[in-house]
Amino acid sequence: MIYLDYNATTPLYPEVRRAMAPFLEEAMGNASSLHEKGREARGAIEEARAEILQALGDPAGRLIFTSGGTEADNLALKGVVGALRGKGNRLVVSSIEHSAVYRTAQALAEEGVEVSFVPVDSNGILDLEALERAVTPGTLLVSVMQANNEVGTIQPIEAAARIAQEKGVLFHTDAVQSFGKVPLDVRKAQIDLVSVSAHKIGGPKGIGALYLRQGAPLKPLLHGGPHEQNLRAGTQAVPAIVGMGKAVEVTFKEMESGISSSLARKRDRLEAGLRACVPETLVNGDSLRRLSGTLNMSFPGCEAATLLMALDLNGICVSTGSACSSGSAEPSHVLQSMGFPAPRMTSSIRFSIGWGTTDEEIDEALVIIPPVVKRIREAALEVSG
Ligand SMILES: Cc1ncc(COP(=O)(O)O)c(C=O)c1O
């Protein structure tokens, strides 16, 4: 199998597995217990928290562990709106957010919150002037993702945060796809809330976190015990939290040692090879301001779901847009926002590579993919002709 779906999820780093192992065995305490086993679990959680806050650039900030990026996004949007209700009733989000933000915003709209979706250009980059216009009095929160999961475009979040800050509005960024890949310094950029998730960076699934600037208001979604500073009730997932702390440590070391340029080199080779061997391909997303491991490409004349299945049969794992929307007949709202015609949207495939991807896998993918596309295009022509 050639796994080219790192934006969906990543394999565990071996270091992460080793770090988690004791917490699945003898170090099994509940972090709320007062005895030694509890203290041991609590210590491990606090170590992971400190590691992640340090990586975000605010060791004195707050970090709430959640069940993943989706819960962190829900907590950010509903939590801020809930805490500030009465002071305003408006939320501003970009039109290419992951469904964890997009659908949460829609759900809040159904409850009477005024929601503005800010457009992007044809490269998937946020329109800052439209954002400025959208942040009107009564706005409680602006949420713009740091990098898009489908096309990989990196958003001008520092400029977006500045607009929010100048208007006295809180700013949230969904950094699930970019944490550990694109530099982020929350204090420098004056960002109030950040969502992150472990399984996109070599950590376990089912764990994430919401960063909160000291003093930022938030209403909890879950009620129960006083866990996570009274902001997220429920016994903490100690092994997963430890795994997330280690994944952040390893990912940031790799970022510092330049993994990004090696990924970009492999990604660019895949892109150039496909462009050379497959006629009429189109790359979706900004070619420069893009995650180094992401390549979203359209193969007009080739239905994306058919191509995905054919590649799967040939041992290559890819996605059509976001994993969360695959299986739904609706074209991706991200590609729709970028203004693409239907043939480009319905033939779009996302290749995403990461720490385990080898040059040999790229070579092999370049041998396998072109004839598969050719066969599907020919079959489609026969059917229509
Ligand atoms: C940008 C973005 N936000 C949020 C999520 C959801 O994160 P999780 O899978 O941890 O719930 C994802 C996952 O694909 C994502 O790509």
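What the table shows:
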{"item": "Reduced Cα scattering model of the range 153-212, Debye log10 I(q)/I(0), q = 0.12, 0.18, 0.24, 0.26 Å⁻¹", "result": "-0.30, -0.63, -0.98, -1.10"}
{"item": "The range 99-180: equivalent-ellipsoid semi-axes (sqrt of 5 x gyration tensor eigenvalues, Cα, Å)", "result": "19, 16, 12"}
{"item": "Relative contact order (percent, whole number), the range 14-255, Cα cutoff 8 Å, 6+ residue spacing", "result": "28 percent"}
{"item": "Listed residue (M145, Y6, C277) projecting farthest to the positive dipole end of the chain, Cβ model", "result": "M145"}
{"item": "Stretchable slack from V383 to E166, in nm (0.36 nm times residue separation minus alpha-carbon distance)", "result": "72.4 nm"}
{"item": "Listed residues A379, N296, M244: farthest to the positive end of the dipole of the chain (Cβ charges)", "result": "M244"}
{"item": "Carbon plus sulfur fraction of accessible area for the range 250-294, probe 1.4 Å, in percent", "result": "56 percent"}
{"item": "Highest-first arrangement of 132-143, 216-227, 335-346, 374-385, where packing means the average Cβ count within 10 Å", "result": "132-143, 335-346, 216-227, 374-385"}
{"item": "Long-range amide H partners of I316 with built H, under 5 Å", "result": "I2"}
{"item": "Alpha carbon Rg of the range 67-146, scaled by the compact-globule rule 2.2 N^0.38 Å", "result": "1.05"}
{"item": "Cα pair distances in the range 1-74, grouped into 10 Å bins until the bin that holds the longest one, percent each", "result": "15, 34, 38, 11, 1"}
{"item": "From phi via Karplus (6.51, -1.76, 1.60), per-residue ³J(HN,Hα) for the range 182-187 in Hz, x at Gly/Pro", "result": "10, x, 8, 10, 5, 6"}
{"item": "Extent along principal axes [Cα atoms of the range 1-160; Å; largest to smallest]", "result": "55, 47, 29"}
{"item": "The range 37-173, relative contact order in percent, only Cα pairs under 8 angstrom and at least six apart counted", "result": "21 percent"}
{"item": "Net charge over other residues, Cβ less than 15 angstrom from the Cβ of G168 (K, R count +1; D, E count -1)", "result": "+2"}
{"item": "Backbone HN-Hα couplings from phi across the range 134-149 [Karplus 6.51/-1.76/1.60, Hz, Gly and Pro as x]", "result": "6, 7, 9, x, x, 6, 9, 8, 10, 10, 9, 5, 6, 8, 7, 6"}
{"item": "Two-decimal log10 I(q)/I(0) for the range 259-319, as the Debye equation yields it once each C-alpha is a single scatterer, q = 0.16, 0.17 Å⁻¹", "result": "-0.57, -0.64"}
{"item": "Radius ratio Rg over Rh of the range 269-385, counting only Cα atoms, Kirkwood formula for Rh", "result": "0.94"}
{"item": "Degrees between helix 36-56 axis and first principal axis of the chain (Cα, 0 to 90, nearest 10)", "result": "60 degrees"}
{"item": "Kirkwood Rh and Cα Rg combined as Rg over Rh, evaluated for the range 209-328", "result": "1.10"}
{"item": "Proximal charge balance of S94 [Cβ under 10 Å; K/R count +1, D/E count -1]", "result": "-3"}
{"item": "Span from the the range 37-87 Cα centroid across to the the range 169-244 one, whole angstrom", "result": "4 Å"}
{"item": "Summed side-chain charge close to R213 - residues other than R213 whose Cβ falls under 10 Å, Lys, Arg +1, Asp, Glu -1", "result": "0"}
{"item": "Rg ratio (alpha-carbon, reference 2.2 N^0.38 Å) - the chain", "result": "1.01"}
{"item": "5 angstrom amide H check on D174, placed H, neighbours 5+ away", "result": "V144, M145, Q146, S195"}
{"item": "Sequence ranges 260-271, 239-250, ranked by mean other-Cβ count within 10 angstrom, highest first", "result": "239-250, 260-271"}
{"item": "Sequence-distant residues sharing a close amide H with S116 (under 5 Å, placed H)", "result": "L91, V92, V93"}
{"item": "Accessible area of D312 in the full protein assembly, 1.4 Å probe (Å², nearest 10)", "result": "80 Å²"}
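The values are calculated or read from the model by the stated rules, or taken from the named source; none is laboratory data. Because the structure is predicted, anything quoted here is derived from the model rather than measured. Neighbour counts run over all protein chains shown; Cβ positions are idealised from the backbone, glycine included. What goes into the accessible areas is simple: the full protein's heavy atoms, side chains included, and nothing from ligands, DNA or RNA. Shrake-Rupley method; radii C 1.70, N 1.55, O 1.52, S 1.80 Å.
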